[in-house]
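One structure below.
The values are calculated or read from the model by the stated rules, or taken from the named source; none is laboratory data. Note that the coordinates shown come from a computational prediction; the quantities given were computed from them, not determined experimentally. Neighbour counts run over all protein chains shown; Cβ positions are idealised from the backbone, glycine included. Surface areas here come from the heavy atoms of the whole protein model, side chains and all, with no ligands, DNA or RNA. Shrake-Rupley method; radii C 1.70, N 1.55, O 1.52, S 1.80 Å.
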Amino acid sequence: MINLEKEQLLNYAYEEIPSRAELIDKCNLWVEKALNLPKYSFSELFKEVPIKGKTENHRNLAIWGELYNNWSKESYDAEGSPLHLNKPKNEVKGIYIFYENGTPVYTGISRKIVQRLRNHFTGTTHFQATLAYLILRDQHDKSPNGLYKEKREKLPEFINHRPTLQEQMKKDWKIAILPISCNYELYVTEVLLACELRTKWNSFETH
């Protein structure tokens, strides 16, 4: 075993660097927990609320209140320090899993899962609705049209079929949420989960 000095146990952000064996053990436990999580529909997680002629998706606090583990930007003071710990927390940092007709199809990570899910299901740009874009891009590439080589925002399938796909996702898909605060555990667990669940829409290719 490598004998490390105390300062070598922390990264530049003062996060403790776990040993490889310790990290894998913890992530395997997270994977086991993820396999038994409750699954929610979008309409269970968010309630449609009419506001000034528009419809907003407000979080269902009966569910989210049990998941919060992270502060949003708005919960930090001017110096960037967390507010008093007794203040309500209002975000979830961790992993979310999408199930289509009971089959796991995608795992994602975010430090703001509430916002990220809204983007997946209601976002209008390829930056927001990234999974919808991926699915529609895949349909284009496997059609007689062949590989799409134009600008992402001009993909015809995304422009024409995104709203329909998102409505289908809202109706038929389920979501499981696994709060994880440690960054090392978060990233490694996502990859392990994608392998364990054989999720179709995950790829860890870098850009």
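What the table shows:
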read-out	value
Answer residue from the range 38-74, given it is under 18 Å from Pro179 (Cα atoms) and of a type in the set (Ser, Thr, Tyr) and is modelled with the lowest pLDDT among those	Ser72
Pairs where the first residue, in the range 162-186, is within 30 Å of Leu29 (Cβ to Cβ) and open to solvent by less than 30 Å² (accessible area, probe 1.4 Å) and the second is in a helix (DSSP H, G or I) and at pLDDT below 95, C-beta under 6 Å, 6+ apart	none
Scope the range 187-207; condition open to solvent by 40 Å² or more (accessible area, probe 1.4 Å) and part of a loop (DSSP other than H, G, I, E, B); matching residues	Arg198, Lys200, Ser203, Phe204, Glu205, Thr206, His207
Residue check for Tyr148: farther than 22 Å from Trp64 by Cβ and buried (at least 17 other Cβ atoms within 10 Å of the Cβ)	yes
Hey, Asn160 at pLDDT below 95 and either charged (D, E, K, R) or more than 29 Å from Glu185 (Cα to Cα) (or both) or not	no
Restricting the range 107-119 to residues that are under 9 Å from the mean Cα position of the chain (by Cα) and not polar (S, T, N, Q), the residue that is most open to solvent (accessible area, probe 1.4 Å)	Arg111
